[in-house]
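The values are calculated or read from the model by the stated rules, or taken from the named source; none is laboratory data. Keep in mind the model is a prediction, meaning the values are calculated, not measured. Note that we place each Cβ from the backbone using ideal geometry, even for glycine, and neighbour counts take in every protein chain shown. Surface accessibility is based on the protein's heavy atoms, side chains included, excluding ligands, DNA and RNA. Shrake-Rupley method; radii C 1.70, N 1.55, O 1.52, S 1.80 Å.
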Amino acid sequence: MPLPSLSHDVLRTDLPDRDFLDRLKEFLAGTHLAVREEQRQCLCGGAEACRKISDAMDAVLSVLHDRALGRFRASAPDMSYRMGVVAVGGYGRRELCPHSDVDLLFLHGYKVDRFVEAMTEWMLYPLWDLGLDVGHSVRNIKETIRFAGADDSIRTALLDHRLVVGDDSLYRESARELDRFLYFQGGDKFIGKKIGEMRSRHAKVGSTVYLLEPNVKEGRGGLRDLQTAVWGARIKYKCDDLAELRKKGVVGARTVEAIRHVLDYLLRVRNELHYLQGKKADVLGFEVQERLAERFRYRQVGSNQAVERFMRTYYLHAASAARLSDEVLEEVGRFLPEEGSRKPLFFLKRKIIGEGGILYKGKLQVKDHASFEKEPIRILEFFRSMQKTKSVLSPQARRNIQTALPSVGAGFREDREAAKLFLEILSDPVHLRETLLAMNESRFLARYIPEFGPLYCKVQRDIYHVYTVDIHSIRCASVLAEIETSSSRTREEEEFHRIHATVRNRGLFHLAILFHDIGKGSGHGHSRIGAEIVARIGARWGLAEQDVSDLVFLVEQHLLMANVSQRRDMHDIEMILSFADTVGTVSRLDQLYLLTFADMKEVSPEVWTKWKAMLLAELYEKGRNVLDQGALKHPFEEWAHRRREQVREMLGAEPRETRERFLSRVDDRYLLATPDGRFVEHCRTLAAFDGKTPVVVAIDSPESGTTEFLVLCPDERGLFAKIAGTLSANSMNILNASIATTVDGVAMDTFHVNYLGKSLRGDPKKERVIADLSRALRGETTVETLMAEPRAGKYVRDRVPRYRPTRVVFDDSVSSRCTVVDIFTYDRIGLLYDITRTLTALGIDIALSKISTKADQVADVFYIVDRDGRKIQTPHRQEEIRQALLASIGD
């Protein structure tokens with residue numbers, strides 16, 4: 001599709017303003033349509049597409065300027081005038097993306113006169129009417145320099161200035177003065193500020209390239225990193241562009257070509273993102289990644305989905321952008337004065353580290369890169385030196401390591417001394433995360449451990465993971481090291497640190513954490529596959545048989561504690577005994593507990609909650625008690641009898657008749673499932689219940705971030721669904737639900753919820769929830785009515801592509817009294833209500849429910865029995881339930 005052009009008749013003085021604007025709108029729309037199609041058909045790259053959009057904007061500004069000028073001359077033909085329309089920022093670089101801001105400087109002479117006022121007004125209003133986001137200023141050159149000196153963002157934008165239309169002589173005179181300011185006044189200080197801004201930006205948006213929803217402009221390896229590096233080099237070496245930097249020998253021809261290539265790719269991604277979103281956008285959210293992959297013509301290859309292949313390509317380009325910006329900034333930094341000193345950096349002393357390292361301003365350089373190829377173990381020694389000195393790899397050192405990677409072959413991978421040194425690095429908490437990240441970014445980690453290679457840039461298609469698999473694994477492996485080396489710790493971190501200090505072989509344990517997801521690069525069932533992989537690695541490294549056994553156990557069972565604590569009845573003694581039997585030893589339990597914490601902590605900030613921490617700690621303590629006492633054979637009846645006597649003691653302050661009446665009305669399951677601190681409240685509430693009027697009690701637990709709703713009312717079919725639906729209608733996040741019924745038919749149902757991740761303490765919403773529950777239980781309203789009422793709904797990202805089908809799984813082995821059904825699906829408002837209503841309609845009673853939500857995905861677990869109180873074990877009946885649940889959940 002050819003690019004449109006503006007016809008000369010748009011400058012007709014008799015053309016009405018409305019028709020004039022329509023012509024401009026048609027021209028811009030046609031330009032965007034043509035550029036979009038050219039880019040999608042690979043007829044032009046991102047940089048060329050931006051140039052074409054910039055050229056179209058130049059044409060619009062030119063006709064606006066000429067039309068305004070003609071109008072002004074008609075009213076004041078003899079008046080002299082001087083003004084130029086100057087493009088700055090991205091538009092000045094001719095990198096204007098489809099919905100980016102159009103940044104303009106209306107440059108005038110000494111002062112703003114009638115001509116300048118009229119021209120700016122007659123140009124700006126049409127631009128706004130065209131729906132453009134215009135950033136503008138009206139200044140002379142003195143004002144421009146004064147404002148730029150006071151505001152670094154203005155100074156940054158002015159680095160890329162060019163005249164679009166207007167007085168050329170005024171612009172050339174002003175440009176000379178402006179460039180003297182930009183390149184010669186406080187340049188070093190300004191470069192330092194831009195580097196500081198870049199670090200702050202990374203801290204805010206993400207300090208790694210490998211975020212699952214990266215920011216293509218502001219994130220690490222984004223457009224702004226490249227721009228910052230080039231700005232710094234241009235100012236330091238007084239150059240206008242990359243070509244001039246190459247001529248001066250600042251950067252090589254291959255570096256310039258690489259920067260242009262990466263810039264072209266990132267601009268193409270950003271352009272397509274703008275077109276798909278229909279607005280300015282910089283974050284590659286899950287909602288658009290699949291469509292971007294389609295626009296970039298990716299197809300599924302084997303088990304690798306198109307979107308995963310697209311994102312892997314993005315990460316590789318972003319990593320190149322990060323590396324290139326580091327290299328350019330390193331060259332700039334060589335001649336920057338040291339912070340707090342007037343001496344250039346080349347006056348600083350270099351320090352020899354070990355046999356092959358040179359430490360220079362916090363960066364470790366290679367003394368003799370040839371030794372890497374002759375003796376690959378020198379690479380590991382170099383990383384060990386980096387760790388000990390808490391330094392970072394210089395870009396040159398990274399290149400040296402990558403050049404030597406072919407020498408890291410099968411023989412080196414089986415070298416016992418190399419394995420010993422690698423484990424030594426893992427055992428040292430100091431600078432561990434940074435060292436492992438450097439190994440990964442230089443591709444040494446994948447070369448030394450080929451099984452780790454498939455994890456590099458591997459995308460996890462869900463919105464609760466923040467990082468790619470490789471970065472998640474590295475962050476997990478260093479969580480406990482970060483806690484150990486921290487200057488302060490929370491109470492929770494102090495407890496994990498205490499347990500971590502008891503681990504006998506830390507290097508091996510951290511290796512298990514690093515490898516816990518290693519099976520994800522090899523297909524379905526990553527825990528089992530991962531266990532097989534680490535067994536081979538352990539044998540290759542000559543590890544002791546017991547060490548290999550522990551390694552295999554931790555990788556194969558790394559999901560055990562999370563699954564049991566979040567999806568199983570931890571008051572079921574048989575389940576706890578089975579869990580303890582699987583773990584086997586206190587040492588393995590300690591390590592599995594720490595691994596589970598690290599894994600959940602580094603999935604995303606939202607995954608490790610107070611509630612999940614409490615559940616995990618409860619399972620750990622119960623498992624530890626069993627393993628410490630060696631009590632794997634206590635019969636259920638003995639536990640239940642002991643618990644009843646404990647509760648009787650807890651209720652010692654209550655009247656004897658009230659206490660005994662309460663204990664005679666509740667069963668063993670209720671006593672075992674209820675926390676110690678709740679019995680007094682429950683006993684008094686049940687004693688005061690009149691048998692008819694529903695009672696709703698709310699108990700806040702800020703320490704766990706939850707609120708507990710206790711509901712007492714006559715038992716009835718569908719009661720669970722009614723309560724769950726009412727809570728969902730009020731946007732409550734249901735975490736857990738326990739169902740108890742007294743021998744005389746009084747339901748005592750307990751729901752643990754939170755709202756926006758917190759308890760409802762001090763929130764007026766709590767009273768509304770209590771009122772709605774009371775009305776629904778009295779029959780004064782229905783769940784459907786409450787669902788239909790306008791109120792703030794729970795945030796669920798419905799537009800996220802859904803790759804995992806809904807699964808309904810039955811398990812008859814977990815509980816001796818109930819059938820357990822696990823439902824894995826994507827979250828939506830009203831989901832729990834639909835599930836429980838369906839179970840009720842099928843004649844199913846729910847004894848317990850545990851709800852585990854990870855962003856857009858849920859794992860809802862129900863302990864169910866039929867109306868006779870028996871397990872549901874026949875395949876035909878289970879299939880009937882499965883099909884009904886799938887139908888109620890929907891797509």
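Summary of values
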quantity	calculated
Any hit, the range 332-355, residues being at pLDDT 80 or above, in contact with a Gly (Cβ under 7 Å, 6 or more places away or on another chain) and either closer than 24 Å to GLY507 by Cβ or surrounded by 15 or more Cβ atoms within 10 Å (Cβ to Cβ) (or both)	yes
Test for LEU710: is it among the aliphatic types (A, V, I, L, M), assigned to a strand (DSSP E or B) and surrounded by 15 or more Cβ atoms within 10 Å (Cβ to Cβ)	yes
Pairs, first more than 9 Å from THR389 (Cβ to Cβ) and of a type in the set (D, E, K, R) in the range 346-363, second assigned to a loop (DSSP other than H, G, I, E, B) and at pLDDT below 80, C-beta under 7 Å, six or more apart	LYS361/LEU348
Residue within the range 150-157 that is modelled with pLDDT of 95 or more and over 20 Å from THR228 (Cα atoms) present	no
Count of residues meeting criterion [touching a residue at least 40 places away in the same chain (Cβ under 8 Å), out of contact with any Phe, Trp or Tyr (no Cβ under 8 Å at 6 or more places or on another chain) and not β-branched (Val, Ile, Thr)] in the range 739-754	1
Candidate set from the range 686-698 (those that are over 13 Å from VAL769 (Cβ atoms) and buried (at least 16 other Cβ atoms within 10 Å of the Cβ)); member that is nearest to the chain's Cα centre (by Cα)	VAL695
Verdict on ASP103 being open to solvent by 20 Å² or more (accessible area, probe 1.4 Å) and either under 26 Å from VAL35 (Cβ atoms) or of a type outside the set (Ser, Thr, Tyr) (or both)	yes
Residue check for ASP860: charged (D, E, K, R) and at pLDDT below 80	no
Criterion: in a loop (DSSP other than H, G, I, E, B) and in contact (Cβ under 8 Å) with a residue 12 or more places away in the chain - qualifying residue of ARG678, ARG717, ARG661	ARG717
The one condition in (1) open to solvent by 20 Å² or more (accessible area, probe 1.4 Å); (2) at pLDDT 95 or above that LYS610 fails to fulfil	(2)
Filtered residues of the range 741-764 (kept if in a strand (DSSP E or B), more than 33 Å from the chain's Cα centre (by Cα) and surrounded by fewer than 21 Cβ atoms within 10 Å (Cβ to Cβ))	THR741, VAL746, ALA747
Those residues of the range 730-750 which are modelled with pLDDT of 90 or more and under 17 Å from ARG768 (Cα atoms), in sequence order	ASN730
Total residues in the range 407-444, condition assigned to a helix (DSSP H, G or I), in contact (Cβ under 8 Å) with a residue 24 or more places away in the chain and of a type outside the set (Phe, Trp, Tyr)	22
Answer from ARG36, ARG40, ARG71, ARG51 - the residue that is of a type in the set (Lys, Arg), touching a residue at least 12 places away in the same chain (Cβ under 8 Å), within 15 Å of PRO98 (Cα to Cα) and open to solvent by 80 Å² or more (accessible area, probe 1.4 Å)	ARG51
From GLY521, GLY507, GLY525, residue being small (Gly, Ala, Ser), out of contact with any Gly (no Cβ under 6 Å at 6 or more places or on another chain) and over 27 Å from PHE824 (Cα atoms)	GLY507
Considering residues of the range 74-100 that are under 43 Å from the mean Cα position of the chain (by Cα) and in a strand (DSSP E or B) only, the residue surrounded by the fewest Cβ atoms within 10 Å (Cβ to Cβ)	VAL85
Search result, residues across the range 142-153 that are part of a helix (DSSP H, G or I) and either surrounded by 20 or more Cβ atoms within 10 Å (Cβ to Cβ) or without any contact (Cβ under 8 Å) to a residue 12 or more places away in the chain (or both)	LYS142, GLU143, THR144, ILE145, ARG146, PHE147, ALA148, ALA150, SER153
Among (1) within 24 Å of PRO395 (Cβ to Cβ); (2) outside any helix (DSSP H, G or I); (3) open to solvent by 30 Å² or more (accessible area, probe 1.4 Å); (4) of a type outside the set (A, V, I, L, M) - the single one CYS457 does not satisfy	(3)
Test: residue in the range 832-850 that is closer than 30 Å to GLU789 by Cα, in a loop (DSSP other than H, G, I, E, B) and open to solvent by less than 30 Å² (accessible area, probe 1.4 Å)	yes
Residue in the range 158-175 that is closer than 25 Å to ILE53 by Cβ, assigned to a helix (DSSP H, G or I) and open to solvent by 30 Å² or more (accessible area, probe 1.4 Å) present	yes
From ILE235, ILE191, ILE195, residue being within 28 Å of THR313 (Cα to Cα), touching a residue at least 40 places away in the same chain (Cβ under 8 Å) and of a type in the set (Val, Ile, Thr)	ILE195
Count - residues of the range 571-607 that are over 20 Å from SER549 (Cβ atoms) and either open to solvent by 50 Å² or more (accessible area, probe 1.4 Å) or out of contact with any Phe, Trp or Tyr (no Cβ under 7 Å at 6 or more places or on another chain) (or both)	13
Hits in the range 176-191 - residues which are open to solvent by 40 Å² or more (accessible area, probe 1.4 Å) and part of a helix (DSSP H, G or I)	ARG176, GLU177, ASP179, ARG180, PHE184, ASP188, LYS189
Residue ID - modelled with the lowest pLDDT, chosen from residues in the range 793-817 that are touching a strand residue (DSSP E or B) at 6+ places or on another chain (Cβ under 6 Å) and open to solvent by 20 Å² or more (accessible area, probe 1.4 Å)	ARG802
Out of GLN629, GLN566, GLN557, sole residue that is at pLDDT 95 or above and polar (S, T, N, Q)	GLN557
Selection status of PHE509, within 25 Å of the chain's Cα centre (by Cα), of a type in the set (Phe, Trp, Tyr) and open to solvent by less than 40 Å² (accessible area, probe 1.4 Å)	no
Meets criteria (open to solvent by 50 Å² or more (accessible area, probe 1.4 Å), within 30 Å of THR658 (Cβ to Cβ) and within 30 Å of the chain's Cα centre (by Cα)) for GLU716	no
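For every residue, the table says whether it meets (1) assigned to a helix (DSSP H, G or I); (2) over 23 Å from TYR863 (Cβ atoms); (3) among the hydroxyl-bearing types (Ser, Thr, Tyr).
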| position | (1), (2), (3) |
| --- | --- |
| LEU551 | yes, yes, no |
| SER587 | yes, yes, yes |
| MET600 | yes, yes, no |
| SER604 | no, yes, yes |
| GLU621 | yes, no, no |
